[in-house]
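The values are calculated or read from the model by the stated rules, or taken from the named source; none is laboratory data. No experiment lies behind these values; they were computed from the predicted model shown. Every residue, glycine among them, receives a Cβ derived from its backbone with ideal geometry; neighbour counts consider all protein chains shown. Each accessible area value is taken on the protein alone, full model and side chains, heavy atoms only, with ligands, DNA and RNA left out. Shrake-Rupley method; radii C 1.70, N 1.55, O 1.52, S 1.80 Å.
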Amino acid sequence: MLRPYTGFDKNSTGPLPGLVALRDVILFLNGGKITHLGSWTIRAMNGKPGVPSVHGTGRATDLGYTYRKDIEGTITWLINNADALGVEFVADYYPTPYGRGWRCDRGVWKNYTSPTIKGAPGGKWIHLEISPTMANDKTAMDAAIVKTFCP
């Protein structure tokens, strides 16, 4: 189902509990093959001076990997369960020519045809953003995670 994309709304004082729950489950389930590269920081978007990053909202995280096969299942799980988990945006820096992005307001991947996300192509990480509702509610996120595995 298509949903509005929030993007940057307001800065928080740290990573929000629902995001931390989702990030920590991803890290745990992947047994060290996926690493946490950073979540909360107040800064501009990379390559876009003056445009605030969603990282400052506490609703975004970057997840790194060494081998592409180690992230592919996580990407698929996030997109297949985007509504339940409140996933709003996934930036995938790896594919050529300029990476790709999935957003909740279009529900499909967009393969970038010009430099759009700094670090693409070839970047070995994804950027993940979730909705304010799910980011602020650890209980709802925990329930959503369980539901994706035990429908």
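Structure notes:
- Burial ranking of peptide ranges 34-41, 110-117 (average Cβ count within 10 Å, highest at the top): 34-41, 110-117
- Shown for the stretch 1-65: the carbon plus sulfur share of the solvent-accessible area, taken with all protein chains present and a 1.4 angstrom probe, equals 62%.
- Solvent-accessible area per residue in the stretch 60-151 equals 47 Å², computed with a 1.4 angstrom probe and all protein chains kept.
- Distance-filtered residues of the stretch 1-34 - backbone nitrogen under 19 Å, label point 7 angstrom along Met45 Cα→Cβ: 3-12
- Relative contact order of the stretch 64-138, pairs being alpha-carbon contacts under 8 Å that are 6 or more residues apart, as %: 34 percent
- Listed residues Pro97, Gly86, Leu16: farthest to the positive end of the dipole of the stretch 1-101 (Cβ charges): Pro97
- Positive-end ranking of Gly58, Met45, Gly32 along the dipole of the chain, with charges on Cβ about the Cα centre, is headed by Met45.
- Phe149/Asp24 FRET efficiency (R0 25 Å; Cβ-Cβ; nearest 0.05): 0.95
- Whole-number percent relative contact order across the stretch 1-105, with pairs defined as alpha carbons under 8 Å at least 6 apart: 29 percent
- Projecting the Cα positions of Gly119, Tyr67, Val146 onto the charge dipole of the chain (unit charges on Cβ atoms of Lys, Arg, Asp and Glu, taken about the Cα centre) puts Gly119 furthest along the positive direction.
- For the chain, the dipole from Cβ point charges (+1 on Lys and Arg, -1 on Asp and Glu) about the Cα centre works out to 360 debye, to the nearest 20.
- Extension reserve of the Thr13-Lys33 stretch, reckoned as 0.36 nm per residue once the Cα distance is removed: 4.3 nm
- J(HN,Hα) series, the stretch 57-69, from Karplus relation 6.51 cos²θ - 1.76 cosθ + 1.60, nearest Hz, glycine and proline x: 7, x, 10, 10, 8, 10, 10, x, 8, 9, 10, 3, 4
- Spatially, the stretch 61-122 and the stretch 3-45 are offset by 14 Å when compared through their Cα centroids.
- Amide N of the stretch 6-48 lying under 19 Å from the label point, which is placed 7 angstrom from the Cα of Arg68 along Cα→Cβ: 33-35
- When you filter the trypsin sites (Lys or Arg not before Pro) in the stretch 31-62 for DSSP loop state and at most 12 other Cβ atoms inside 10 Å of their Cβ, you are left with Arg43.
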